[in-house]
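Below is one structure, written out as structure tokens; comments come after it.
The values are calculated or read from the model by the stated rules, or taken from the named source; none is laboratory data. Predicted model, so just to flag it, every value in this text is computed and none were measured. Positions of Cβ are backbone-derived with ideal geometry, glycine not excepted, and every protein chain shown enters the neighbour counts. Please note that ligands, DNA and RNA were not included when accessible areas were found on the heavy atoms of the full protein model with its side chains. Shrake-Rupley method; radii C 1.70, N 1.55, O 1.52, S 1.80 Å.
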Amino acid sequence: MNSYDSEQERTFEALAPAQGRSFAQSWWGRAWLTALEGGALDGEQVRTGRRLARAGAVGAVSVRPGRITAVVRDRDGTGYRADVLLDVLTDAQWDRFVDLTVERSGHVAALLDREMPPHLVEDTETAGIDLLPGLGDLEAECGCGAWDHCGHTAALCYQVARLLDEDPFVLLLLRGRTERALLADLQAHGTAAPAETAPGPREGVDAAEAYLAGHVLPPLPAVPELPEHPGVPPSLDTDVPPTGEVDPAALEILAARTAARAHALLAEALRDGAERRPSVRVLTVGEDAVRLAAGSPGAAGTTHLGWGRLAAGSGRSREQLELAVRAWHSGGPSALAVLEEEWAVEGEALARARAALATAWEGDERPVLRARGNRWTVVGSAGQLRLGRDGRWWPYRKERGGWVPAGGPAQDPATALAALGTEEALS
């Protein structure tokens, strides 16, 4: 990804056509496209923009605070200047963003690695700072005269999603702060030493007054600070064989996951507004077994001793548990439900699914699909689409005679299928 940088503007060369690939690979890139696809009034214009972007019709993209610009060409070669606007953050909001970034070790390192930490975005949202755009936040201006998003501005947004995948600083510049300025602020904040104050003299308390006030409880202790990482349980690997039915490997899994869960609960409790957040759905026994296996030491597919008990306790074979863990890594409980549940798509859900499939491809690009329940198999290939109950599409690939998860979800079936690769999905 080549670019030209000035103090307040970055210009990226035109990208190659995006046939057979999804526009957003990162979670923040997908959030950007969700703001476009959910906020545009005309879905047909969004689909036109996606086709233009796939065909490589978007020229060099200029990014500066509050605005992105590019020339987008129609199929007849006519070019239009397309602009997409997004509000910049105030100086006070940027100061708060810097504070939140340096609070957790790893946030700065993640940004330098061109990654957008999810916890950082969540913390900023809690503080009233929206880094990622929401529905209706992306305003459009185009030389074609359209007053809302047209095919040209939609194509620009799809192209910017590819830029965001490579470098989240593109989003931060659009929100008003250059990479150089932001890194300077982070460095200054991280190296600033707090002023030392000498302790004052301690005042005594009259013994009689202390005795009379004995029924008054002292104030609660300060809230403990959040450790950087969960605690490490002690190793149970000893020369003495276990007695009874105790499985040391299973205990190690439980101890490690308990420490990680306790760390996550403490982090959630220390966040502002935690008391106002809705409670999280309690996992079933089968879901919790997959969660434990997904976080156990070693990768899926290894012969970890604790997996046998988790598989048996959840009513699965070891192979089924390994497949469930693979699904869990791609999307948690929602992905697990898509793997294991086959349901009849009827009524309004069926109408929405048919509409999405009918408009996802142009006539000569649409693959032949065979439907069974919520599963659409691409005829003559090793690709499959599965529809979740929330309306998202999940890609599946055939391996060794069975269907396995092949990636995360997408709102658009063509985007989900593109995750499999052009030759495999559409051959």
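Each row is one residue, and each column tells you yes or no for (1) of a type in the set (A, V, I, L, M); (2) open to solvent by less than 10 Å² (accessible area, probe 1.4 Å); (3) without any contact (Cβ under 8 Å) to a residue 12 or more places away in the chain.
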site: CYS142; (1), (2), (3): no, no, no
site: VAL160; (1), (2), (3): yes, yes, no
site: LEU163; (1), (2), (3): yes, yes, no
site: PHE169; (1), (2), (3): no, yes, no
site: THR178; (1), (2), (3): no, no, no
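Select from segment 23-51 the residues that are closer than 23 Å to ALA110 by Cα and open to solvent by less than 40 Å² (accessible area, probe 1.4 Å) and list them in ascending order.
Across segment 23-51, the qualifying residues are PHE23, ALA24, SER26, TRP28, GLY29, ALA31, TRP32, LEU33.
Looking only at strands (runs of 3 or more DSSP E) that lie completely in segment 331-427, which have at least 3 residues being surrounded by fewer than 18 Cβ atoms within 10 Å (Cβ to Cβ)?
Correct list: 369-372, 402-405.
If THR90 meets every condition in (1) farther than 28 Å from ALA16 by Cα; (2) surrounded by 15 or more Cβ atoms within 10 Å (Cβ to Cβ); (3) β-branched (Val, Ile, Thr) apart from one, which number is that one?
Only one criterion is unmet by THR90, namely (2).
Closer than 22 Å to ALA289 by Cα, surrounded by fewer than 13 Cβ atoms within 10 Å (Cβ to Cβ) and out of contact with any Lys or Arg (no Cβ under 8 Å at 6 or more places or on another chain): is that true of GLU319 in this structure?
yes
Scan segment 106-140 for residues that are open to solvent by less than 40 Å² (accessible area, probe 1.4 Å) and either more than 22 Å from the chain's Cα centre (by Cα) or among the aromatic types (Phe, Trp, Tyr) (or both) and jot them down.
Of everything in segment 106-140, just one residue is open to solvent by less than 40 Å² (accessible area, probe 1.4 Å) and either more than 22 Å from the chain's Cα centre (by Cα) or among the aromatic types (Phe, Trp, Tyr) (or both), namely ALA140.
Enumerate the helices (runs of 4 or more DSSP H) found wholly within segment 171-279, keeping only those where 3 or more residues are at pLDDT 75 or above.
The qualifying helices (runs of 4 or more DSSP H) are 179-191, 248-270.
With respect to HIS152, determine if the residue is outside any loop (DSSP other than H, G, I, E, B), at pLDDT 70 or above, under 19 Å from ARG67 (Cβ atoms) and not polar (S, T, N, Q).
yes
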